[in-house]
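Peer 1: Once you've had a glance at the structure underneath, I'll fire off some questions.
The values are calculated or read from the model by the stated rules, or taken from the named source; none is laboratory data. Bear in mind the structure is a predicted one, so any value in this text is a computation, not a measurement. All Cβ positions, even for glycine, are placed from backbone atoms using ideal geometry, and neighbour counts span all protein chains on display. With ligands, DNA and RNA removed, areas are computed over all heavy atoms of the protein, side chains included. Shrake-Rupley method; radii C 1.70, N 1.55, O 1.52, S 1.80 Å.
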Amino acid sequence: MKRPGPQKGSRPEWDGDGSLSIRFDKLGVVIALLIAYAVLAAPFATFRANRIVPGDAKGILQALPAGAGMLLLALMAGVALVVLLKTPTRLRLFAAAAGLAAIAVFIGMAATFLTPPANSYARVSPASGFWILLFSFALLAADSITRMRPLPLVRLLLLVMTLGGAAVVLTSGLWDGLSILKEYSGRADVFWLEAGRHVTLALGSLFAAVLVGLPLGILCHRVAPLRAGVLNTLNLIQTIPSIALFGILIAPLGWIAVNVPGAAAIGIRGIGAAPAFVALFLYSLLPVVANTVVGLAGVPREANEAARGIGMTDRQRLFGIEFPLAMPVILTGIRIVLVQNIGLATIAALIGGGGFGVFVFQGIGQTAMDLVLLGAVPTVVLAFAAAIVLDALIEMNAPQRERGRTA
Amino acid sequence: MIEIDGITKRYDGITVVNNVSMTIEPRTVTVIVGTSGSGKTTLLRMINRLVEPTAGAIRLDGDDNRSMPGFELRRRIGYAIQGHGLFPHRTVAQNIATVPVLLGWNKARIDAKVTELLTLFQLDPAAFANRFPHELSGGQQQRVGVARALAAEPNVLLMDEPFGALDPIIRAKAQADLLAIQRLLGTTIVLVTHDMDEAFHLAHKIAVMDKGALVQYGRPAELVKDPATAFVQTLIGTSERPFRLLSIETAGDAVEPGPAEGQPLAETVSQRDALSELLWSGRAALPVAATDGTILGRVTLEGLTRRAAKPQ
């Protein structure tokens, strides 16, 4: 193994007597322990004769051809060593990327290796060891990226590269032997249909919430007596469990569908996408309204006073001074809502609203965990990507204002 | 000319400004003084209608200030406040250009104005135009705040404790700069402060407010000589009276012919500072020099003592 030599950004520390002192990285110790556990004690892949019987857990050496298993063990040891010691951040990021690439390739290989030839019932899925490794490397990558403080654009680029890498692996057929993709291959059309519904539900309700929440927030800011009432009501809505809220909405939406002409024609019904949309919209309102109010309240009093004093109209003051200064806080609210909605939209499937939740609930019903994953993994990836994109947007908006806040 | 005519402001039955009438001459500096809660800031804010009066009228050059919408009126009147009130997300140049942009000036005219004002306020346009407010020192921020107030070439400039947040050394410089710019542009300035030294240094006329009423309005020397009420006398400070008188005029105004030894005083320093310098140097007279360095004459201890005595 290569010793961490004197590289840019990190110099080895020499003791008084000239010997090199080894220094450990705190988070690295945790990650290295996780890697060690995942590799040595946890199964890497699970083999099942068909999609619903309990599986047969296989360690790395059993799951892979002899040479490949040793190679993966050696690679993991290498990554663990880099992580454990105080090494340059770039090297750590590289190690994380290499680790991710390695487990991606080897889990595909395990699927091909474990599946008996010409057997279409057998299922190979990633086991706990794989997931722990995935988590460890993601944590390592996130930590390294945070330490490097990349510009927002660079972070977006990293996200695109990661998603691009995943897309290449998916289209290459490397993972075709894996159970998730076997579930997918039978449902490709439905998958993309539900994906579209999921995104439409999450983004559509967010859009509606911003459309309503921003003016409501401005109103609450300007009319102080309104503030407590509105925010408390929204808080109350936030505390209603989502399933209960769906139930509460069935009656009024059903009534509207029957009694308001044209309502049924545009898809308003007691069950289905309409109540899901309304519920997500209601949950989204609190973060949008609250952050708008907080953002506007944080605008320096003097700046507002001066804006009035030199002849800005209320509208010019709102769009020229208050909004730009409150924008980072408002965007933070929108980020919360987006991530929350992508997750919550999964529940919409319960009342026929569609989305990735369809696979989750089907999978639970059939005790087919692979199907659950087909719904859950894209949801997590989507929420994660949305968070990164919005964080980057917030920061791109922020530099001048962030500095401005201290003035 | 600003005519304040029987102006009253009440909030929920509490009278904040009570029937104030005064006329402010054009091209002068009028300082409104008073303790906090005396209604001085409310009075100032009724001139540009940030506060609407309960009764009375204010006329600017004969026109009632309610003859146009409030925001249009405010674009014609400069306004500078304590803590500068600069927009933190806009550059210095954008801040100064605020009112010209609102008025729809063309870009060339705006750029020329911004450059002119930055130069006037001793801020190098190349270095400062694109900075953000938080990158400036307190004194620089305050100058940009006044520059912004003057950008649309208003005849009237209202200032609400504009120097309150500055340390004493920067404050003295800012006051001197303001006087120089006022003379150059001929702007009518109405300034609110609770600092009597500042009032005597800047004012052509001082208006003293107490509990919402205007208790005295006159030249600084008149206030010292004939304080209208005990409150005015307390505000001026009995032991301060001779020094207040001396702080009104400059050393240039007290020049006598004749020679003197020692480091020349600038003609622009106040007579109070000249006296201080005489006492400190232990001399009976010091030469006074014009800004170009020529010796104008001298100030004497005897001459200043005479000027500090109670006016007859």
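Peer 1: Name the single residue that is farthest from the other protein chains (Cβ to nearest Cβ) among those in the stretch A:292-303 being open to solvent by 30 Å² or more (accessible area, probe 1.4 Å) and in a helix (DSSP H, G or I).
Peer 2: Kept after step one, since they are open to solvent by 30 Å² or more (accessible area, probe 1.4 Å), are these residues of the stretch A:292-303: A:294, A:297-298, A:300-302.
When the remaining residues are screened for being in a helix (DSSP H, G or I), the result is A:294, A:297, A:301-302.
On the way: A:V294: 17, A:A297: 15, A:R301: 9, A:E302: 4 Å.
So the residue we want is A:V294.
Peer 1: Looking at A:L100, A:L156, which is the one that is open to solvent by 20 Å² or more (accessible area, probe 1.4 Å), under 22 Å from A:M70 (Cβ atoms) and in the same structural domain as A:A57 (by TED's automatic domain parsing)? Spell out the reasoning first.
Peer 2: On the way: A:L156 fails: under 22 Å from A:M70 (Cβ atoms).
That would be A:L100, the only listed residue that is open to solvent by 20 Å² or more (accessible area, probe 1.4 Å), under 22 Å from A:M70 (Cβ atoms) and in the same structural domain as A:A57 (by TED's automatic domain parsing).
Peer 1: With respect to A:F113, is the statement that it is closer than 16 Å to A:Y37 by Cα and part of a helix (DSSP H, G or I) true?
Peer 2: On the way: closer than 16 Å to A:Y37 by Cα: no; part of a helix (DSSP H, G or I): yes.
No; evaluated as a whole, the condition is false for this residue.
Peer 1: So, one more: Does B:I169 satisfy the condition of being over 14 Å from the mean Cα position of the chain (by Cα), of a type outside the set (D, E) and either in a helix (DSSP H, G or I) or at pLDDT 90 or above (or both)?
Peer 2: On the way: over 14 Å from the mean Cα position of the chain (by Cα): yes; of a type outside the set (D, E): yes; either in a helix (DSSP H, G or I) or at pLDDT 90 or above (or both): yes.
Answer is yes for this residue.
Peer 1: I would also like to ask the following. Looking at (1) open to solvent by 50 Å² or more (accessible area, probe 1.4 Å); (2) in contact with a helix residue (DSSP H, G or I) (Cβ under 8 Å, 6 or more places away or on another chain); (3) more than 14 Å from every other protein chain (Cβ to nearest Cβ), can you tell me which one B:I110 breaks?
Peer 2: Just one mismatch for B:I110, condition (1).
Peer 1: How do the pairs read when you match residues in the stretch A:111-133 that are over 21 Å from A:A42 (Cβ atoms) with residues anywhere that are of a type in the set (S, T, Y) and open to solvent by 20 Å² or more (accessible area, probe 1.4 Å), using Cβ under 7 Å and keeping only pairs 6 or more apart or on different chains?
Peer 2: As it stands, the answer is A:A122/A:T115, since those pairs meet every condition given.
Peer 1: All but one of (1) open to solvent by less than 50 Å² (accessible area, probe 1.4 Å); (2) in contact with a helix residue (DSSP H, G or I) (Cβ under 7 Å, 6 or more places away or on another chain); (3) not hydroxyl-bearing (S, T, Y) hold for B:G164; which doesn't?
Peer 2: Evaluating B:G164 over (1) open to solvent by less than 50 Å² (accessible area, probe 1.4 Å); (2) in contact with a helix residue (DSSP H, G or I) (Cβ under 7 Å, 6 or more places away or on another chain); (3) not hydroxyl-bearing (S, T, Y) leaves (2) as the failure.
Peer 1: Follow-up. Which is open to solvent by 40 Å² or more (accessible area, probe 1.4 Å) and touching a Phe, Trp or Tyr at 6+ places or on another chain (Cβ under 7 Å), of B:R219, B:R272, B:R307?
Peer 2: Details: B:R219 fails: touching a Phe, Trp or Tyr at 6+ places or on another chain (Cβ under 7 Å); B:R307 fails: touching a Phe, Trp or Tyr at 6+ places or on another chain (Cβ under 7 Å).
After applying the criteria, what remains is B:R272.
Peer 1: Within the stretch B:84-107, take every residue that is surrounded by 24 or more Cβ atoms within 10 Å (Cβ to Cβ) and polar (S, T, N, Q) and give me the one that is nearest to the other protein chains (Cβ to nearest Cβ).
Peer 2: B:T98
Peer 1: Same structure, new question: What number of residues within the stretch B:113-135 are over 23 Å from B:M159 (Cβ atoms) and crowded, with 20+ Cβ neighbours inside 10 Å? Even if it seems obvious, please write down each step before you answer.
Peer 2: If we filter the stretch B:113-135 for residues that are over 23 Å from B:M159 (Cβ atoms), which is where we start, we get B:115, B:124-127, B:129-132, B:135.
Still in the running and crowded, with 20+ Cβ neighbours inside 10 Å: B:132.
Residues meeting the conditions: 1.
Peer 1: Suppose we keep only residues that are in contact with a helix residue (DSSP H, G or I) (Cβ under 7 Å, 6 or more places away or on another chain) and at negative phi within the stretch B:36-76. Which one would you say is surrounded by the fewest Cβ atoms within 10 Å (Cβ to Cβ)? Don't jump to the end; show me each part of the working.
Peer 2: Going through the stretch B:36-76, the residues in contact with a helix residue (DSSP H, G or I) (Cβ under 7 Å, 6 or more places away or on another chain) turn out to be B:48-51, B:53, B:58, B:65, B:74-75.
The next check asks that each one be at negative phi; those that pass are B:48, B:50-51, B:53, B:58, B:65, B:74-75.
Values: B:N48: 27, B:L50: 19, B:V51: 17, B:P53: 23, B:I58: 21, B:N65: 21, B:R74: 26, B:R75: 22.
This residue is B:V51.
Peer 1: A further question on this structure: When you check B:V288 against the structure, is it modelled with pLDDT of 90 or more and under 19 Å from B:A180 (Cβ atoms), yes or no?
Peer 2: Details: modelled with pLDDT of 90 or more: yes; under 19 Å from B:A180 (Cβ atoms): yes.
It is true that B:V288 is modelled with pLDDT of 90 or more and under 19 Å from B:A180 (Cβ atoms).
Peer 1: Considering A:G311, A:G355, which residue is within 22 Å of A:I271 (Cβ to Cβ) and either within 14 Å of another protein chain (Cβ to nearest Cβ) or not in a helix (DSSP H, G or I) (or both)?
Peer 2: On the way: A:G311 fails: within 22 Å of A:I271 (Cβ to Cβ).
Exactly one residue qualifies, and that residue is A:G355.
Peer 1: Would you pick out the residues in the stretch A:37-55 that are assigned to a helix (DSSP H, G or I) and surrounded by 15 or more Cβ atoms within 10 Å (Cβ to Cβ)? I'd like the intermediate steps shown before the answer.
Peer 2: Let us first name the residues in the stretch A:37-55 that are assigned to a helix (DSSP H, G or I), namely A:37-40.
Within the stretch A:37-55, A:Y37, A:A38, A:V39 qualify.
Peer 1: Something else: Could you please let me know if B:L178 is under 14 Å from B:L120 (Cβ atoms) and open to solvent by 40 Å² or more (accessible area, probe 1.4 Å)? Lay out the reasoning, then the answer.
Peer 2: On the way: under 14 Å from B:L120 (Cβ atoms): yes; open to solvent by 40 Å² or more (accessible area, probe 1.4 Å): no.
No; evaluated as a whole, the condition is false for this residue.
Listed here are the residues, each with its yes/no results for (1) closer than 30 Å to B:N19 by Cβ; (2) surrounded by 22 or more Cβ atoms within 10 Å (Cβ to Cβ).
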position	(1), (2)
B:L191	yes, yes
B:H194	yes, no
B:V215	yes, no
B:D226	yes, no
B:A266	no, no
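Peer 1: Test each condition in (1) at the interface with chain A (Cβ under 8 Å from one of its Cβ atoms); (2) closer than 23 Å to B:G164 by Cα; (3) touching a Ser or Thr at 6+ places or on another chain (Cβ under 9 Å); (4) among the aliphatic types (A, V, I, L, M) for B:I81 and report the one that comes out false.
Peer 2: The one condition B:I81 does not meet is (3).
Peer 1: Let me ask something additional. Out of A:F246, A:F323, A:F319, A:F277, I need the residue that is in contact with a helix residue (DSSP H, G or I) (Cβ under 9 Å, 6 or more places away or on another chain), open to solvent by 40 Å² or more (accessible area, probe 1.4 Å) and among the aromatic types (F, W, Y). Which one? It would help to see each step written out before you state the result.
Peer 2: Details: A:F246 fails: open to solvent by 40 Å² or more (accessible area, probe 1.4 Å); A:F323 fails: open to solvent by 40 Å² or more (accessible area, probe 1.4 Å); A:F319 fails: in contact with a helix residue (DSSP H, G or I) (Cβ under 9 Å, 6 or more places away or on another chain).
Being in contact with a helix residue (DSSP H, G or I) (Cβ under 9 Å, 6 or more places away or on another chain), open to solvent by 40 Å² or more (accessible area, probe 1.4 Å) and among the aromatic types (F, W, Y) holds for just one of A:F246, A:F323, A:F319, A:F277, which is A:F277.
Peer 1: For a quick check of your reading: which helices (runs of 4 or more DSSP H) sit entirely within the stretch B:42-136 and have at least 2 residues that are β-branched (V, I, T)? Walk me through it before giving the result.
Peer 2: On the way: elements: B:70-76, B:92-96, B:98-103, B:107-120, B:125-128.
Hits in the stretch B:42-136: B:92-96, B:98-103, B:107-120.
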